[in-house]
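To start, the structure under review is shown below, and the notes come after it.
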Amino acid sequence: MSDEIKGLNEECGVFGVFDAADASRLTYFALHSLQHRGQEGAGIVSSDGQQLYQFRNRGLLSEVFADKKDLTKLVGRSAIGHVRYGTSGNNTLANVQPFLFHFHDGDVALAHNGNLTNARTLKSQLEDDGAIFQSSSDTEILIHLIRKNQHLDFVAALKKSLNQVRGGFAFLLLRKDCLIAALDPNGFRPLAIGQLANGAYVVASETCAFDMIGAKFVRDVLPGELIIIDKQGLHIDHYTTDTQLAICSMEYIYFSRPDSIIHGVTVHNARKMMGRLLARQAPADADMVIGVPNSSLSAASGYAEESNLPYEMGLIKNQYIARTFIQPTQELRERGVKMKLSAVRGVVEGKKVAIVDDSIVRGTTSKQIVRLLREAGAKEVHMRIASPPLRFPCFYGIDISTRSELMAANYSVAEMCELMGADSLEFLTIDNLIKAISLPDGQNAPNGGLCVAYFDGHYPTPLYDYEAGYLASLKKQQAREVIQ
């Protein structure tokens, strides 16, 4: 389901290009392919080899650059861009990236996808040392750490700074003469390198951005790597070798576009296999299979094929609703579902329906979908979820910070089924999720190189600034369960 309905959002999308004609225009088109990763704000910083130029604003990319003159002012052959959904900081212009910093020894632009788990501690330390922050975003911390180490050359200072930050991060930095990419030691967020026909290199959160601009995929950025692109070409370096791949499984479940390829796995294929394994694990006595538009369609087709059931279009998504975030109240969430989705009476009336969705967060959407299908005359509604129950928060770049709003953290599967009014409810197991994705790069890593902490509560890193609050929330919830 789309993030406006479900209230579960990834943080951002980033893109960079070095030494290509019309760099800012290429960045603009690439960011269009990444718009699903953030709709709160967008921006581009370009370089002509001497100076850096910036334009950013709140809203969708098309709204930010509605006046094409703002794009043509971003001159030069290199650029980085960003589309934002903020898990850290408020939705203000000051937090819209890329950030641009002017220093006497050279300007630096910075874009970030992820979330730093020790940001609060680092920010307090930096402020005590005299740093003045211009935003409330954790992204800005990196540049202050770099400047604190200005006695070193820039790359050495960057390496030292990257070893001080914790959590999930995919950073892009633009200087007048180079583009730099860095990925956290677990590779929580995706980041890939591509190459244009003229030899220029590009870097993006997802490979779907390469397809938009005609770039060829080269390789994924690996955990702990520092990629430097300059006039001499592409250089692969490391700021740490203490790494362990644990890419966010949510990227495959629904964040990334179906046509993106992450660590050798096409997202559509992974989702389709999730549906197939779900059908084997939890078959439904149904007349047809329906997918919830749009991110569940791949899984639904896999479920239908494996079940030998017809795959029908029983739900229609209104593609013309403005992409504004639904306010966080129950009434508006329910109204938002009705605005976005309609059940097709002529398809579902009198039928036993297996409805496949990618996940359940609060349960609001699922409850409304069951109601829509019932009102359209469905005889039975069997919910099948192509991921395990979401029971635990994420601290690496997804806006789930507490368990209180997670339906699966507060109710059993049987209770969830009853609350939603479905005839049955089943979730994909964690083992089958890992099997469905089957990362080539993660064969020797825990959980196949995936982070599945949202499902089992086993985080691959310490939680740092979030640890105390998380443990307190667990204790409080356990106390409530005892009382119940």
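Annotations for the structure displayed:
- Of the residues making up the range 137-185, those that are in contact with a Leu (Cβ under 8 Å, 6 or more places away or on another chain) and of a type in the set (Phe, Trp, Tyr) are PHE169, PHE171.
- Answer from LEU373, LEU341 - the residue that is among the hydrophobic types (A, V, I, L, M, F, W, C) and modelled with pLDDT of 95 or more: LEU373
- Only residues that are farther than 30 Å from PRO283 by Cβ and crowded, with 24+ Cβ neighbours inside 10 Å were counted in the range 383-397, giving 4.
One line per residue, one yes/no per condition, for (1) in the same structural domain as SER33 (by TED's automatic domain parsing); (2) of a type in the set (Gly, Ala, Ser); (3) in contact with a Gly (Cβ under 6 Å, 6 or more places away or on another chain):
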| position | (1), (2), (3) |
| --- | --- |
| GLY76 | yes, yes, no |
| ASN91 | yes, no, no |
| PRO98 | yes, no, yes |
| PHE101 | yes, no, no |
| ASP107 | yes, no, no |
| LEU110 | yes, no, no |
| THR117 | yes, no, yes |
| SER124 | yes, yes, no |
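- Among the residues of the range 24-37, those that are in contact with a Leu (Cβ under 9 Å, 6 or more places away or on another chain) and either more than 18 Å from ALA192 (Cβ to Cβ) or of a type in the set (Ser, Thr, Tyr) (or both) comprise SER24, ARG25, THR27, TYR28.
- Tabulated pairs, the range 198-212, first of a type in the set (Gly, Ala, Ser), second surrounded by fewer than 24 Cβ atoms within 10 Å (Cβ to Cβ) and assigned to a loop (DSSP other than H, G, I, E, B), C-beta under 6 angstrom, 6+ apart or interchain: ALA200/ASP19; ALA200/ALA20
- Note on the range 33-86: residues that are of a type in the set (A, V, I, L, M, F, W, C) and touching a Cys at 6+ places or on another chain (Cβ under 8 Å) amount to 2.
- ASN444 falls short on exactly one of the conditions (1) modelled with pLDDT under 95; (2) surrounded by 16 or more Cβ atoms within 10 Å (Cβ to Cβ), and that condition is (2).
- Summed over the range 385-425, the residues that are modelled with pLDDT of 95 or more, touching a Cys at 6+ places or on another chain (Cβ under 7 Å) and not small (Gly, Ala, Ser) give a count of 1.
- Residue match in the range 55-69 (condition: in contact with a Ser or Thr (Cβ under 8 Å, 6 or more places away or on another chain) and under 21 Å from LEU179 (Cα atoms)): no
- Count of residues meeting criterion [in a loop (DSSP other than H, G, I, E, B) and under 23 Å from the mean Cα position of the chain (by Cα)] in the range 370-429: 22
- Restricted to strands (runs of 3 or more DSSP E) entirely inside the range 45-127, those with at least 1 residues that are of a type in the set (D, E, K, R) and either free of Cβ contacts under 8 Å to residues at least 24 places away in the same chain or under 20 Å from TYR28 (Cα atoms) (or both) are 52-58, 78-84.
- Residue pairs meeting the criteria (Cβ under 8 Å; at least 6 apart or on separate chains; first not assigned by TED's automatic domain parsing to the domain that holds ALA408, in the range 454-476; second at pLDDT 95 or above and surrounded by fewer than 15 Cβ atoms within 10 Å (Cβ to Cβ)): none
- Scanning the range 409-439 for residues being crowded, with 21+ Cβ neighbours inside 10 Å, touching a Leu at 6+ places or on another chain (Cβ under 7 Å) and farther than 15 Å from VAL452 by Cα gives a total of 1.
- Figure legend. Inter-residue proximity from the range 262-279: first residues polar (S, T, N, Q), second residues surrounded by 24 or more Cβ atoms within 10 Å (Cβ to Cβ), beta-carbon distance below 7 Å, spacing 6+ or different chains. No pairs are indicated.
- Filtered by the rule that a residue be free of Cβ contacts under 8 Å to residues at least 60 places away in the same chain and surrounded by fewer than 19 Cβ atoms within 10 Å (Cβ to Cβ), the range 136-159 gives SER136, ARG147, LYS148, ASN149, GLN150, HIS151, LEU152, ASP153, PHE154, ALA156, ALA157.
The values are calculated or read from the model by the stated rules, or taken from the named source; none is laboratory data. Here the structure is a predicted model, which means the values were calculated and not measured. Note that we place each Cβ from the backbone using ideal geometry, even for glycine, and neighbour counts take in every protein chain shown.
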